[in-house]
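Below you'll find the structure, written out as structure tokens, and then a few comments.
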Amino acid sequence: MKRREWPLLIEEQVATQVSRLTLAALDKRPDRLELVAVEQPLLAAWQAWLDNHHLEVGYWASGFMGLPAPDTPEQVCVLDDGTWWMIKTRDPENPEVERWLSWPRDWQSLLPPGLSDRHWQGPEGTSVTATLPTDQRLALLGRHLPARLPKMPRAGTARRRPWQLALVLTSLLLAHGGLSAWSSILSPAPDAAQANRLMQRNTDMATLMERLSTSLEGMPLRLEHFSVTGQHLSLIWTLEDEQASVVLAQRLEALGEVSREAGQLRLETHLASAPASTGGGQ
């Protein structure tokens, strides 16, 4: 199916004009096409907010893309933000099909038929009734985002390398609510001090990723873990060639604390104190 024909698949399933939607393929195979849609004005508003704060984000995502699906159709995966439930289920007749639903917590008695009777569970063992802080909620969703994300308007077409995925997730988390397409309520803009901290951390992250790009060029590895806590950055790669681990560790030592074990390489660094050069990245 050609891209211009995609709107025909959803025009009877959405409550808005299809021409107002940006469509992107999450999975495209000869026998399968999985689409995600977001209203163009919403995406444009977040793009403008990011531009005004000098934040560069190359990709966008719905929070539901990062919410793990339940194991069976008899289960419901729920994430509570204090006002809304993010609810993900599997279709009983076709378990490969996921159902996404954003529902007000105060309307529990009005839930669609059958939802209340299923087993409710939180992602990663969290309690259904627990309301995670915003940073923890975004970090949880970021850990489960797919490797391929839809591009933001004006974003380039180059394929991301493993380290670039880390930069994408970092940018999403730095926005503190930016691109939260699972909610129609826009998060308030941060105050000037917070915005300055975000911009500085984004700059530090971009600089570090450029240095990583040079250090990792041509190396046989795969990114397995990425996390940012305050100014602390942690990256873990799986080494596809154990013999290259010594050389790679030497390249990364100038960027932070490096450790190796069980076929994995870990880099721990503090963004504010990261050195200005890689010091021998070849």
Inset, instruction - Filter region 94-132 for residues that are acidic (Asp, Glu) and either at pLDDT 90 or above or more than 25 Å from Gln13 (Cα to Cα) (or both) and give the result. - result: Asp106, Asp117, Glu124
Legend entry - Where Lys88 falls short, out of the listed (1) basic (Lys, Arg); (2) out of contact with any strand residue (DSSP E or B) (no Cβ under 8 Å at 6 or more places or on another chain); (3) buried (at least 17 other Cβ atoms within 10 Å of the Cβ): (2)
Inset, instruction - Identify, from the list Leu23, Leu42, the residue that is in contact (Cβ under 8 Å) with a residue 40 or more places away in the chain and either acidic (Asp, Glu) or surrounded by 12 or more Cβ atoms within 10 Å (Cβ to Cβ) (or both). - result: Leu42
Inset, instruction - Test Leu165 against the stated conditions and say whether it is under 17 Å from the mean Cα position of the chain (by Cα), surrounded by 15 or more Cβ atoms within 10 Å (Cβ to Cβ), at pLDDT 50 or above and over 21 Å from Ala44 (Cα atoms). - result: no
Legend entry - Selection within region 210-225 - modelled with pLDDT of 75 or more and of a type in the set (A, V, I, L, M, F, W, C): Leu212, Leu216
Legend entry - Flag for Glu93 being surrounded by fewer than 16 Cβ atoms within 10 Å (Cβ to Cβ), under 28 Å from Lys2 (Cα atoms) and charged (D, E, K, R): yes
Inset, instruction - Give region 15-27 a look and list any residue that's touching a helix residue (DSSP H, G or I) at 6+ places or on another chain (Cβ under 9 Å) and outside any helix (DSSP H, G or I), or say none. - result: Leu21, Thr22, Leu23, Ala25, Leu26
Inset, instruction - May I ask you to list the residues in region 107-129 that are without any contact (Cβ under 8 Å) to a residue 12 or more places away in the chain and either over 26 Å from the mean Cα position of the chain (by Cα) or part of a loop (DSSP other than H, G, I, E, B) (or both)? - result: Trp107, Gln108, Ser109, Leu110, Leu111, Pro112, Pro113, Gly114, Ser116, Asp117, Ser127
Inset, instruction - Within region 6-16, identify whether any single residue is in contact (Cβ under 8 Å) with a residue 60 or more places away in the chain and not assigned by TED's automatic domain parsing to the domain that holds Thr134, and answer yes or no. - result: no
Inset, instruction - Report whether or not Trp49 is farther than 23 Å from Ala147 by Cα and buried (at least 16 other Cβ atoms within 10 Å of the Cβ). - result: yes
Inset, instruction - For Pro73, indicate whether it is over 20 Å from Leu149 (Cα atoms), more than 19 Å from the chain's Cα centre (by Cα) and surrounded by 14 or more Cβ atoms within 10 Å (Cβ to Cβ). - result: yes
Inset, instruction - Tell me, yes or no, whether region 269-280 has at least one residue that is modelled with pLDDT under 70, within 23 Å of Ala139 (Cβ to Cβ) and not hydrophobic (A, V, I, L, M, F, W, C). - result: yes
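The values are calculated or read from the model by the stated rules, or taken from the named source; none is laboratory data. Predicted, not measured: the structure shown is a model, and the values here were computed from it. Cβ atoms come from the backbone with ideal geometry, glycine included; neighbour counts cover every protein chain shown.
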